[in-house]
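The structure appears right after this line, and notes come after that.
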């Protein structure tokens, strides 16, 4: 399996996890935060989570992240994790353009894959804080890891792998004693959305569908609860209720060519593997008959090269600004 395909599979796995349950700049602009370490006066802090309340008595110096994307808000708050997990043998923390500068030459220890943690490796790093916010950590894992260091698990208000990036950032910011810095990062990203929305009043009220197709004859549209659909809503578009009803408790509505009518919105954005996947969809006669296609209001984006779909799927305080920077100019190119 090629590296590119495996990376796309990584993004696909993120969508399945949900179904089962930027650019640079200062904090005010929604970019990376290079603030100094939190003053010791911020501690002790207590953080509520799925398995109780954890007290962090002093400023963490060595942080291990076990959530699939927890390393990004930690990086955004000026801390480099000493240990991280990877996704199905991939290491997305080393591939994304929105984090490369922050990691620099640092190579964190790989301490597990997804929700399978290597306890020996975690213990060997001697962390003083373990974060598992965007995760599926189980009670027994929490209990065992708590013998190594204070553990902050996933927020109890959301299913596993479903905490929005805002809540993830704030949850982690509180654990690091940097709650105000986390709020500033969140406000900065919100301002980027608001600025893009204000600059494009013509998008208001326009219906939007975000779709995908990994195999011929199999199509899916993201429900209004999916981060990629929410991303478009934050830009001012209106999501299609019927897709949410069809999706039910899933984050995607799956359908065949007979239901291509679901795609006939004011704007249609595809997130796909590569150019060949685009051509496959475009060649389907039923697709060619759609009004959104005839009026050239469809847009094809890649998960990788550039990783626009990955940024929207990874859905962190660092990846979302990158997604805005990439997507807005492309949407501007649709004039109808």
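Read-outs throughout are calculated quantities, based only on the coordinates presented, and are distinct from any laboratory measurement. Keep in mind it's a predicted model, so treat the numbers as computed, not measured. Neighbour counts run over all protein chains shown; Cβ positions are idealised from the backbone, glycine included.
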- Item | Translational D in µm²/s for the range 145-231 (Stokes-Einstein at 25 °C, 0.890 mPa s, Kirkwood Rh from C-alpha pairs) | 152
- Item | Length gained when the stretch residue 299-residue 103 is fully extended (0.36 nm per residue, less Cα-Cα span) | 67.3 nm
- Task: Please arrange 125, 176 by counting, for each residue, the other beta carbons lying within 10 Å of its beta carbon, fewest first.
- Result: 125, 176
- When only alpha-carbon atoms count, how far does the chain stretch along each of its three principal axes, as whole angstroms with the largest first? 62, 39, 36
- Query: Sorting 187, 266 on the 10 Å Cβ count, fewest up front, what's the list?
  - Reply: 187, 266
- For a footprinting-style exposure proxy, rank 225, 316, 54, 65 by other Cβ within 10 Å, fewest first. 225, 54, 316, 65
- Task: Mind running the shape call on the range 102-151? Use the C-alpha gyration tensor, a ≥ b ≥ c as the square roots of the eigenvalues: rounded below 1.5 for a/c, prolate if a/b tops b/c, oblate otherwise.
- Result: prolate
- Query: Whole-Å semi-axes of the range 193-332's equivalent ellipsoid, largest first, each the root of 5 times a Cα gyration tensor eigenvalue?
  - Reply: 22, 16, 16
- Message: If packing is taken as the average count of other Cβ atoms within 10 Å, what order do 322-332, 136-146 fall into, highest mean first?
- Response: 322-332, 136-146
- Across every pair of different alpha-carbon atoms, what Kirkwood hydrodynamic radius in Å does the range 36-177 reach? 14.8
